[in-house]
Amino acid sequence: MIELSIAEIAAAIGGELVDGTDGKRRLPPVAVQTDSRLSTAGSIFFALRGETTDGHLFAHTAVENGATLIVAERALDIDVAQIIVNDGVTALQALARAVVARVRENGQLKVLAVTGSNGKTTTKNMLRTILEREGETVAPKGSFNNDVGAPITMLGVTNSSKYLVVEMGADGIGDITRLQSIVMPDVGIVLMVGLAHIGKFGDAATTALAKSEMVTALPPQSTAVLNYDDGRVRAMAPQTEATVNFFGLDSHSDVWADEIEASARGTAFDLHVADEVVPVQLRILGEHHVTNALAAITAARALGIPVQRSAVALESIDRAERWRMELLEAPGGITVINDAYNASPDSMAAALKTLVQVVGPENRSVAVLGEIAELGEYANEEHDRIGRLIVRLNVQKLIVVGHAARHIHNAAGLEGSWDGESVLVDNVEEAYAVLREELRGGDVVLVKSSNSAGLRHLGDRIAGVTS
Ligand SMILES: Nc1ncnc2c1ncn2[C@@H]1O[C@H](COP(=O)(O)OP(=O)(O)OP(=O)(O)O)[C@@H](O)[C@H]1O
Ligand SMILES: [Mg+2]
């Protein structure tokens, strides 16, 4: 963060300084934490009330670890400066708003924000790789994309930052508006509207409305980067005053791709911009990541970065992120694709397509699948669809893990004319036992489920990797 006085922080977050604190004291450029275990010398600790615990209970640990300012919703019996606010999360966002505004005034900061049902973290990582080569870049750790994670990321900017990349997730209407209004991006990206977390949204139209908040409020001098291939995203173009740049596989897009070839080595494609054609070889596995690469290239281009430079940067990335389409070589000539960080119907379908694309003609494709969570009333239907897709793709062996995912197994079994076979097991241990028995050299094994199903460690275990 930038250097501010305690009084400036109190004013920015609308809080009250307690106990005769000397508001003039300036805090050095410090970190802001909401997890007391991560507090460091001179840091600011925001005590937040979470679903499972209350940060106020850990303020003393934060102080032990070096925190010198506490922001809390009630005065605490602690001997450091405190600012009392009505709501900790709102205060955190207000501080992020003030810090980003000040850095913008002082310098050259450009803000890019990314949303969409799938691919946000991957695109964010791609953007980070492109932008880091151009100037100082701040981007979130992992998938920090909510009301707390996004402002924590934003607070990382300093006067020498050139780019800030923010991942914005949505569980409902208003979520993106809230995050977006904190920074008001120069470039707002919408990747796709899919079925991820559909249980919370209710239907795809509501999901589309929630994601469209990324562009509806953008000012005219900004750029909206939209996926032309996704009808619901394309339809957002008339809803923004910003300049629209489309990306996609459709040649009507400003930046588009064709000649896509997916293999175990990655994905090759031709990138088209105006009359230029740039051949690109991504090492990241899965054809679906071409869309994310196009989004990142288009967003960077909106800030004046030539597409060739972006393409070269993207070619240096070897995986999307740990546990996302991660290619692991297991002992005995077995290949594991570990994509069990999370799952939605779209990402599971994309992963299965990649599995059959990368397996050689002599070798077997094996899918180990667990539940796709957060589907609400769509759960049975969507698991069923995955089961039928597996048959259509002719995946040769299917292991379905856990009762919640049983519809995948049932649907595959009911779909006739399939040479493959399906096994339903109760838990990860049983799945491991079956795999140990069954796997042989040359097999390519996809492991995919929602995080809650716990399959990612299974993927690592088969591959002999420690998590
Ligand atoms: N365009 C796409 N179509 C389908 N699946 C995709 C696409 N892009 C990424 N995925 C898959 O979606 C999964 C999640 O990817 P990623 O972590 O980048 O998404 P995210 O939007 O950040 O997810 P979260 O909502 O959990 O933060 C991975 O399995 C990835 O391979
Ligand atoms: Mg993410």
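Taking I408, is it in a helix (DSSP H, G or I) and either not assigned by TED's automatic domain parsing to the domain that holds V290 or not polar (S, T, N, Q) (or both)? Quick ask: steps written out before the conclusion?
On the way: in a helix (DSSP H, G or I): yes; either not assigned by TED's automatic domain parsing to the domain that holds V290 or not polar (S, T, N, Q) (or both): yes.
In short, yes.
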Exercise. Does R309 fit the bill of being in the same structural domain as E132 (by TED's automatic domain parsing), touching a strand residue (DSSP E or B) at 6+ places or on another chain (Cβ under 7 Å), part of a helix (DSSP H, G or I) and in contact (Cβ under 8 Å) with a residue 24 or more places away in the chain?
Worked result: no
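Just for segment 143-164: of the residues that are among the hydroxyl-bearing types (S, T, Y) and not in a loop (DSSP other than H, G, I, E, B), which one is surrounded by the most Cβ atoms within 10 Å (Cβ to Cβ)? Reasoning before the result, please.
Here is the first cut: in segment 143-164, the residues among the hydroxyl-bearing types (S, T, Y) are 143, 153, 158, 160-161, 163.
Add one more test, that the residue is not in a loop (DSSP other than H, G, I, E, B), and what stays is 153, 163.
Numbers: T153: 22, Y163: 26.
Checked segment 143-164; the qualifying residue surrounded by the most Cβ atoms within 10 Å (Cβ to Cβ) is Y163.
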For this session: Exactly one condition in (1) assigned to a loop (DSSP other than H, G, I, E, B); (2) open to solvent by 30 Å² or more (accessible area, probe 1.4 Å) is not met by V395; state its number.
Result: (2)
Problem set entry | Residues satisfying the stated conditions in segment 218-250, i.e. open to solvent by 50 Å² or more (accessible area, probe 1.4 Å) and aliphatic (A, V, I, L, M) | A235, L249
For this session: Report, ordered by the first and then the second residue, all pairs with beta carbons closer than 6 Å, sequence separation of six or more or different chains, a first member in segment 345-368 that is closer than 28 Å to H197 by Cα, and a second member that is within 16 Å of ligand 2 (Cβ to nearest atom) and open to solvent by 40 Å² or more (accessible area, probe 1.4 Å).
Result: A350/H288
Seminar exercise, completed: In the set L282, L314, the lone residue that is under 18 Å from T121 (Cα atoms), free of Cβ contacts under 8 Å to residues at least 60 places away in the same chain and either open to solvent by less than 50 Å² (accessible area, probe 1.4 Å) or not assigned by TED's automatic domain parsing to the domain that holds L218 (or both) is L282
Exercise. How many residues are surrounded by fewer than 22 Cβ atoms within 10 Å (Cβ to Cβ), assigned to a helix (DSSP H, G or I) and away from ligand 2 (no atom under 16 Å from the Cβ) if we restrict to segment 437-461?
Worked result: 5
Exercise. For L389, all conditions in the list (1) free of Cβ contacts under 8 Å to residues at least 60 places away in the same chain; (2) within 16 Å of ligand 2 (Cβ to nearest atom); (3) of a type in the set (A, V, I, L, M, F, W, C) hold save one; what is the number of the exception?
Worked result: (2)
Seminar exercise, completed: Within segment 312-345, residues being touching a helix residue (DSSP H, G or I) at 6+ places or on another chain (Cβ under 6 Å), away from ligand 1 (no atom under 16 Å from the Cβ) and part of a helix (DSSP H, G or I) number 1
Problem set entry | Selection from segment 346-379 of residues that are open to solvent by 10 Å² or more (accessible area, probe 1.4 Å), within 11 Å of ligand 1 (Cβ to nearest atom) and of a type outside the set (A, V, I, L, M) | D346, S347, K353, E374
For this session: Considering each residue of segment 165-207, count those that are part of a helix (DSSP H, G or I), at pLDDT below 90 and open to solvent by 10 Å² or more (accessible area, probe 1.4 Å), and give that number.
Result: 6
For this session: Go through (1) within 16 Å of ligand 2 (Cβ to nearest atom); (2) over 14 Å from the mean Cα position of the chain (by Cα); (3) at pLDDT 95 or above and name the single condition V138 misses.
Result: (1)
Exercise. Taking segment 61-87, which residues are open to solvent by 10 Å² or more (accessible area, probe 1.4 Å), in a helix (DSSP H, G or I) and either under 23 Å from L4 (Cβ atoms) or touching a helix residue (DSSP H, G or I) at 6+ places or on another chain (Cβ under 8 Å) (or both)?
Worked result: T61, V63
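The values are calculated or read from the model by the stated rules, or taken from the named source; none is laboratory data. Source: prediction; values computed, not measured. Positions of Cβ are generated from backbone atoms using ideal geometry, with glycine treated the same way; all protein chains shown enter the neighbour counts. The accessibility values were calculated without ligands, DNA or RNA, using every heavy atom of the protein model including side chains. Shrake-Rupley method; radii C 1.70, N 1.55, O 1.52, S 1.80 Å.
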